[in-house]
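To start, the structure under review is shown below, and the notes come after it.
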Amino acid sequence: MSRPEPRRFEEPWQVEALALSAALIQAGRISSSEWADALGSAIERAQAAGDPDDGSTYYQHVLNALEALVLEKAVTTRDAMAARKQAWRSAYASTPHGRPVQLPRPASPA
């Protein structure tokens, strides 16, 4: 049985999520086998919950696996991740159409 192919990149975040996973592997924060296991688990959980398994939700699984791994490996905290997501939402909402979204750098820990 062959697996459906993920759809081509439709949004910049899809490329960035995969690039971030590759950067974390290259930096030694996660291993390639941890990444494969996390992605496989995210896909399996989604399928068990009724995911259509047609490739249309692949990048959401990438994001779910990435978020789970960075929390598990203590790369970030749940609060820091939530704050960053809110900062993105705010930046996106206040960016004029056609302009790139610019996110301020997070504050450095004291």
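Laboratory data are not the source of any read-out in this text; all were calculated from the coordinates shown. What you see is a predicted model; the values in this text were computed from it and never measured. All Cβ positions, glycine included, derive from the backbone under ideal geometry; neighbour counts span all protein chains shown.
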Folded to 0 to 90 degrees: helix 78-94 orientation relative to the chain principal axis, Cα: 70 degrees
Taking all pairs of distinct alpha-carbon atoms in the stretch 34-110, Kirkwood radius in angstrom: 14.6 Å
Principal-axis tilt of helix 58-72 within the chain, Cα atoms, nearest 10 degrees: 70 degrees
Student exercise, the stretch 45-90 dipole from Lys, Arg, Asp, Glu Cβ charges, in Debye to nearest 20: 320 debye
Degrees between helix 32-48 axis and first principal axis of the chain (Cα, 0 to 90, nearest 10): 70 degrees
